[in-house]
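**Student:** Sharing a structure, written as structure tokens. Questions coming.
The values are calculated or read from the model by the stated rules, or taken from the named source; none is laboratory data. Note that the structure is predicted; figures quoted are calculated from it, not measured. Cβ atoms come from the backbone with ideal geometry, glycine included; neighbour counts cover every protein chain shown.
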Amino acid sequence: MNTMSPDESQHDVAPKEIANRPRKNTAFEQLDRPGSVRINVQGAFIVDDDSFTPPRSGSPPRYTGPGETKDIRLPHHKTGVSHIAVDIGGSLAKCVYFTQDPNGQGGKLSFKNFETEHIDDLISFMDSLVNGKRSGQGDCLVKKKDRLHIMATGGGAYKYYDKIKEALGVEIYREDEMECLIVGLDFFITEIPDEVFTYSEEDPMQFAERRVDIYPYLLVNIGSGVSMIKVSGPQQFQRIGGSSLGGGTLWGLLSLLTSARSFDEMLGMAENGDNAKVDMLVGDIYGGGYGRIGLKSSTIASSFGKVFKKQVEYGTEYCPESSTATNNDGKNRGFEPEDISRSLLYAVSNNIGQIAYLQAQNHGLEHIYFGGSFIRGHKQTMNTLSYAIKFWSKGEKKAYFLRHEGYLGSVGAFIRRQPRNWGRRYSASDEYPYPGIRSTGEEA
């Protein structure tokens, strides 16, 4: 018997004696390559509207819906950046680039994604950036005399290397995918306010306090497949597990079972579906919950369990007149695409959540961060993952999400060539040392 039907959360608080210390204004050193530039993240904030100032203290958090990725404003960074970064996965390619404010008020990191099968669209977009054109929003990328370089990660950095280099005629620096994921997540955890949050139906975005003692933690990166990475320090990580059942599974099966042709369309259908019409629930077996072992009546006992049952009861041509889900070849026979989408989303998410819990439990990891483009700020996905972690851990562990969850690798590639400890608060000074931050490995 399997799991779930989603719920609640809380947030962490940084140690008071550390959180109250005056922060030293760290001057970030220069990039080793490809350009000579200093990046200043002082006062960085996520742009929730078109304001040039950070949100006021006490302002209510805004939920970022599916597909929305907010810019990150860097009000104190004054110079141009001579590179863009791209993470090319099996399903999606994610691009990160910096634009200067034309009025000299710093600049911002912007984010854009493309379906990998339409790689030419990504190349065309990067061409507009590389050749000194404007971003489409009136923001200057770099001076015309400067040439942008490309920092690339993910499998597509190798698969499409020759194609991109030939099309753009620029230097492409390929970076290790796992290292970029960790560098990107460390950056978001430590540097960007209101980035990390927990999710529940009652409180969809409960922001977590930025913590200085961030290690160890588990990163569950959900892309086409799933990688689970134990991170013990800035350069200390190990892939401890994963699953082939990830975003590509959902995308592929729903392409076969429904008429949806984009991931966002599939998530939209799942949002309007009722999995109880497709899944066999505990209540269908017991007539209610099974309280003795903590199972609610709405807990999924068998994903897609009602499909076969209905075929047997009504015959192989089961197809109520009310259904709109019949394909030309007779598939789906009376099951709505929205219900199928929600059922499959729950099946994939529950599986990932349970494996993530088991890995965290096995390795003694308290904090579990979920990243990757599978999530996309979709509330059913986050609710299911959150509930899975809470259910299996009996409330002892929590699932953490990020507002830029799909861009960990590309942001990591963007800052990958920074010197040791760039982008980690307190670490540029020995004045306030704390365990786990100072890298003991090779310089990033």
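**Student:** Of the numbered conditions (1) modelled with pLDDT of 95 or more; (2) not in a loop (DSSP other than H, G, I, E, B), Leu365 fails exactly one; give the number of that condition.
**Tutor:** (2)
**Student:** Please determine, by comparing only the residues of segment 359-373 that are closer than 16 Å to Lys398 by Cβ and over 15 Å from the mean Cα position of the chain (by Cα), which one is surrounded by the fewest Cβ atoms within 10 Å (Cβ to Cβ). Break it down into steps so the answer makes sense when it comes.
**Tutor:** Here is the first cut: in segment 359-373, the ones closer than 16 Å to Lys398 by Cβ are 359-361, 364-371.
If we keep only those that are over 15 Å from the mean Cα position of the chain (by Cα) as well, we get 359-361, 364-367.
Working: Gln359: 19, Ala360: 26, Gln361: 14, Gly364: 8, Leu365: 21, Glu366: 13, His367: 21.
Checking each candidate, the answer is Gly364.
**Student:** Okay, moving on. For segment 251-268, name all the residues that are among the hydrophobic types (A, V, I, L, M, F, W, C) and exposed (fewer than 12 other Cβ atoms within 10 Å of the Cβ).
**Tutor:** So in segment 251-268, the residues among the hydrophobic types (A, V, I, L, M, F, W, C) come out as 251, 253-254, 256-257, 260, 263, 266-267.
Answer for segment 251-268, where residues must be among the hydrophobic types (A, V, I, L, M, F, W, C) and exposed (fewer than 12 other Cβ atoms within 10 Å of the Cβ): just Leu256.
**Student:** Right, next: Mind checking which pairs have a first residue in segment 232-247 that is more than 14 Å from Gly90 (Cβ to Cβ) and a second that is acidic (Asp, Glu) and surrounded by fewer than 16 Cβ atoms within 10 Å (Cβ to Cβ), Cβ under 9 Å, 6 or more apart or different chains?
**Tutor:** The qualifying pairs are Gln235/Glu442; Gln235/Glu443.
**Student:** Consider Ile150 carefully, then state whether it is under 30 Å from Glu209 (Cα atoms) and modelled with pLDDT under 95.
**Tutor:** Values: under 30 Å from Glu209 (Cα atoms): no; modelled with pLDDT under 95: yes.
Here the answer is no, as Ile150 does not meet what is asked.
**Student:** Check whether at least one residue in segment 78-86 is farther than 17 Å from Leu148 by Cβ, at pLDDT 50 or above and either small (Gly, Ala, Ser) or not in a loop (DSSP other than H, G, I, E, B) (or both), and report yes or no. Quick ask: steps written out before the conclusion?
**Tutor:** As a first pass, look at segment 78-86 and keep what is farther than 17 Å from Leu148 by Cβ: 78.
From what's left, at pLDDT 50 or above: 78.
The next check asks that each one be either small (Gly, Ala, Ser) or not in a loop (DSSP other than H, G, I, E, B) (or both); those that pass are none.
Within segment 78-86, not a single residue is farther than 17 Å from Leu148 by Cβ, at pLDDT 50 or above and either small (Gly, Ala, Ser) or not in a loop (DSSP other than H, G, I, E, B) (or both).
**Student:** Residues of segment 215-230 being crowded, with 20+ Cβ neighbours inside 10 Å and not aromatic (Phe, Trp, Tyr), which ones?
**Tutor:** Pass one, segment 215-230, residues crowded, with 20+ Cβ neighbours inside 10 Å: 217-224, 226-230.
Residues satisfying the conditions are Leu218, Leu219, Val220, Asn221, Ile222, Gly223, Ser224, Val226, Ser227, Met228, Ile229, Lys230.
**Student:** While we're here: Tell me, which strands (runs of 3 or more DSSP E) lie completely within segment 140-252 with 2 or more residues that are of a type in the set (A, V, I, L, M, F, W, C)? Explain how you work it out, then say what you get.
**Tutor:** On the way: elements: 149-153, 172-174, 196-198, 217-222, 226-233, 236-243.
Those strands (runs of 3 or more DSSP E) span 149-153, 196-198, 217-222, 226-233, 236-243.
**Student:** For Ile352, are the conditions met, namely being among the β-branched types (Val, Ile, Thr) and within 16 Å of the chain's Cα centre (by Cα)?
**Tutor:** Details: among the β-branched types (Val, Ile, Thr): yes; within 16 Å of the chain's Cα centre (by Cα): yes.
So Ile352 passes the test.
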